[in-house]
Amino acid sequence: MSRTKDKNPIPSVWTRERRRTDQPALSRDAIVREAIAMLDAEGIEALSMRKLGARLNAGATSLYRHVATKDELMELAVDEVAAEIHVPPAGGPDWRAAVTEAAGSFRTTALRHPWLTLVLGQAGLAYLGPNYMTFSERLAALFTAAGFPEPGRAIDAVFSYVIGMSTTEAAWLTTVARSGESEPEFVARLLPAAQQASAGHDHLTAAGPETSAQASDPAKLRDDKFSYGLEVVLDGLALRLPKRPRPGLSRRRLRGTDV
């Protein structure tokens, strides 16, 4: 009589039953909070179960009773910070303003936690977490209420841009932070080398005014770049919305044909 082999379990913290533990002083929530603090301060490379256990005055073995793997820990960390992203209620009068607010909130969260966008594509099945599910549901409601026939694809278009820009921006700010200088100081020191490297490249040289603006107020320039690209994406999406007739237009046309 042959025995039926169990299927391989899906490797995600959201697909298995939460383990019970006899260590109430060391909770999974406390582990995740400390991991996020460590990620924010030191980056992905610095996070290990051994180092995290030391910060919590516990051994790595104790952590594994709450979180099976480091990958699961990253899933939990992603879901925890997803709760910080604000999505306005659906059905408002201006869908573009609502999407802009949601995109800006995602960007702010990603810059506050520079590791977030780097691990979104690697953190297993992070999108199955309750906070990330709530974020996704609110986005779906927003785009559906706006009238998009394929709201999922519209969301992908917007947030592919938002995640891409946020990833680049977070990497830049991490480089600035490691320099020990403020952003304006770092840019001012970098500017001569950038100008020298662009010499002889006519189109790059023509972008000189933007480079000068970056030196004087780099944060504002980053904001402007993000807003410009987002507006372009939303302009394109607006063309995908079904045309809605203005109230009374058909009636006026009918009266005109009767004359």
Just a yes or no: is a residue in region 247-256 exposed (fewer than 13 other Cβ atoms within 10 Å of the Cβ), within 25 Å of Ala146 (Cβ to Cβ) and either modelled with pLDDT of 60 or more or in contact with a Phe, Trp or Tyr (Cβ under 9 Å, 6 or more places away or on another chain) (or both)?
no
Restricting region 40-86 to residues that are without any contact (Cβ under 8 Å) to a residue 40 or more places away in the chain and not in a helix (DSSP H, G or I), the residue that is nearest to Ala30 (Cα to Cα)
Leu56
Just the residues that are modelled with pLDDT of 95 or more, more than 11 Å from the chain's Cα centre (by Cα) and not in a helix (DSSP H, G or I), please, taken from region 94-127.
Asp94
Quickly run through region 61-82 and pick out the residues that are open to solvent by 30 Å² or more (accessible area, probe 1.4 Å) and either farther than 22 Å from Gly129 by Cβ or at pLDDT 90 or above (or both).
Thr61, Glu80
Could you please let me know if Ala171 is in a helix (DSSP H, G or I), aliphatic (A, V, I, L, M) and modelled with pLDDT of 95 or more?
no
Candidates Ala193, Ala157, Ala188, filtered to the one that is under 25 Å from the mean Cα position of the chain (by Cα) and among the aliphatic types (A, V, I, L, M):
Ala157
Looking at region 128-136, can you tell me whether even one residue there is touching a Pro at 6+ places or on another chain (Cβ under 6 Å), modelled with pLDDT of 95 or more and not hydroxyl-bearing (Ser, Thr, Tyr)?
no
Among (1) surrounded by fewer than 18 Cβ atoms within 10 Å (Cβ to Cβ); (2) outside any helix (DSSP H, G or I), Asn131 falls short only on (2)
Val259 fails exactly one of (1) surrounded by 11 or more Cβ atoms within 10 Å (Cβ to Cβ); (2) of a type in the set (Val, Ile, Thr); (3) at pLDDT below 70, namely (1)
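The values are calculated or read from the model by the stated rules, or taken from the named source; none is laboratory data. The model shown is predicted, which means the values in this text are computed figures rather than measured ones. For neighbour counting, all protein chains shown are included, and Cβ atoms are generated from backbone atoms with ideal geometry for every residue, glycine included. Heavy atoms of the whole protein, side chains included, go into the accessibility calculation; ligands, DNA and RNA do not. Shrake-Rupley method; radii C 1.70, N 1.55, O 1.52, S 1.80 Å.
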